[in-house]
């Protein structure tokens, strides 16, 4: 009579799907379904048994071998321009959770806005045969990205659009967000506005916010200007001087910060200048410290969790055969009004 009890595992040998099936007392096919696209066909009880066996045996699926057999690696690549940016951190966190819920793993590559490093990361991701790619970069390696698209690699752009790539894009509704910011500042009594933004440099979201700001201020007949600030670790050269000029304005003046990095630099400068009571401040991006800085910084909170999840959901739909034309998904911001946009004295 055969012994169906779990067999002792040789600690020097990498466990296989067959070992997991034997340990869980189920078929090899069921274990394959668990690691494939048919996990939903397994009962919750069976999934739990497989998870327990996987943990007990220390089993890890060989993603590369699966891709060589014509299967999927269940790996999603993420190309991020600057992982230090709080937006990027929140985006990756949301995307990683969405991947995990769908049985995928996320490989994150930070380019540090470096064209050469970005190209090297693309080669690595290509070598790992990722099933899909989310892209949040300036797009200086358009040819490499397009080559991956031509090999039918599903791809979704996040926050930044790259005109040369015909693929889905998910991000903030920049125009609506800027219009809402201006409407809020005008309603609070500010008569002169200044957009502080990092160098536009061909980045679609920055271009959209700058153009929306100029168009809406022009439509309303507002006095307005734009200051491009280079944000460095040591500070933002020229920002203190520009804010001091704005503080000297006789009309009630407010600054709109184009993203969280700019908002932080502006707050540091206003603290040095003791200027929180002399300028209105509204930032795009809600960060944990915004409620604590100065009088509390008003923000337009991006739905970053929803953006990350929508990006992964859209990508998985493409991986699973969705052939609809590429679409742009723009999500609305939420105003968080605080003391920094209180009506000027």
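Where residues in segment 324-344 are surrounded by fewer than 14 Cβ atoms within 10 Å (Cβ to Cβ) and free of Cβ contacts under 8 Å to residues at least 60 places away in the same chain, which of them is farthest from residue 247 (Cα to Cα)?
Filtering segment 324-344 for residues that are surrounded by fewer than 14 Cβ atoms within 10 Å (Cβ to Cβ) and free of Cβ contacts under 8 Å to residues at least 60 places away in the same chain, the one farthest from residue 247 (Cα to Cα) comes out as 324.
Among the residues of segment 223-246, write down those that are under 19 Å from residue 189 (Cβ atoms) and touching a helix residue (DSSP H, G or I) at 6+ places or on another chain (Cβ under 7 Å).
Within segment 223-246, 224 is the sole residue that qualifies.
Scan (1) under 22 Å from residue 338 (Cβ atoms); (2) modelled with pLDDT of 95 or more; (3) assigned to a helix (DSSP H, G or I) for the single condition residue 264 breaks and write down its number.
(2)
Can you work out which of the residues in segment 201-241 that are touching a residue at least 24 places away in the same chain (Cβ under 8 Å) and over 29 Å from residue 161 (Cβ atoms) is surrounded by the fewest Cβ atoms within 10 Å (Cβ to Cβ)?
My answer is 223.
Could you grab the pairs with beta carbons closer than 8 Å, sequence gap of 6+ or different chains, first residue in segment 41-61 and over 16 Å from residue 19 (Cα atoms), second one in a helix (DSSP H, G or I)?
41/33; 42/30; 42/33; 42/34; 42/50
For segment 102-129, which positions are over 23 Å from residue 163 (Cα atoms) and modelled with pLDDT under 90?
Passing the criteria: 103, 124, 127, 128, 129.
Somewhere in segment 163-182, is a residue touching a strand residue (DSSP E or B) at 6+ places or on another chain (Cβ under 7 Å), surrounded by fewer than 20 Cβ atoms within 10 Å (Cβ to Cβ) and assigned to a helix (DSSP H, G or I)?
yes
Checking the condition within 13 Å of the chain's Cα centre (by Cα), closer than 16 Å to residue 170 by Cα and either surrounded by fewer than 21 Cβ atoms within 10 Å (Cβ to Cβ) or in contact (Cβ under 8 Å) with a residue 40 or more places away in the chain (or both), which residue from 108, 80, 89 passes? Reasoning before the result, please.
Numbers: 108 fails: closer than 16 Å to residue 170 by Cα; 89 fails: closer than 16 Å to residue 170 by Cα.
Testing whether each residue is within 13 Å of the chain's Cα centre (by Cα), closer than 16 Å to residue 170 by Cα and either surrounded by fewer than 21 Cβ atoms within 10 Å (Cβ to Cβ) or in contact (Cβ under 8 Å) with a residue 40 or more places away in the chain (or both) leaves just 80.
So, in segment 280-296, exactly how many residues are in contact with a strand residue (DSSP E or B) (Cβ under 6 Å, 6 or more places away or on another chain) and either surrounded by fewer than 23 Cβ atoms within 10 Å (Cβ to Cβ) or in a strand (DSSP E or B) (or both)? Step through it out loud before you land on a result.
Step one: list which residues in segment 280-296 are in contact with a strand residue (DSSP E or B) (Cβ under 6 Å, 6 or more places away or on another chain), which gives 280-284, 286, 290.
Checking which are either surrounded by fewer than 23 Cβ atoms within 10 Å (Cβ to Cβ) or in a strand (DSSP E or B) (or both) leaves us with 280-284.
Adding up the residues that qualify gives 5.
For segment 297-306, which positions are within 13 Å of residue 341 (Cβ to Cβ) and either within 20 Å of the chain's Cα centre (by Cα) or assigned to a loop (DSSP other than H, G, I, E, B) (or both)? Steps first, please.
If we filter segment 297-306 for residues that are within 13 Å of residue 341 (Cβ to Cβ), which is where we start, we get 297-300.
297, 299, 300 - these are the residues of segment 297-306 that are within 13 Å of residue 341 (Cβ to Cβ) and either within 20 Å of the chain's Cα centre (by Cα) or assigned to a loop (DSSP other than H, G, I, E, B) (or both).
The values are calculated or read from the model by the stated rules, or taken from the named source; none is laboratory data. Not measured: the values here are computed from a predicted model. Glycine also receives a Cβ, built like all others from the backbone with ideal geometry; neighbour counts cover every protein chain displayed.
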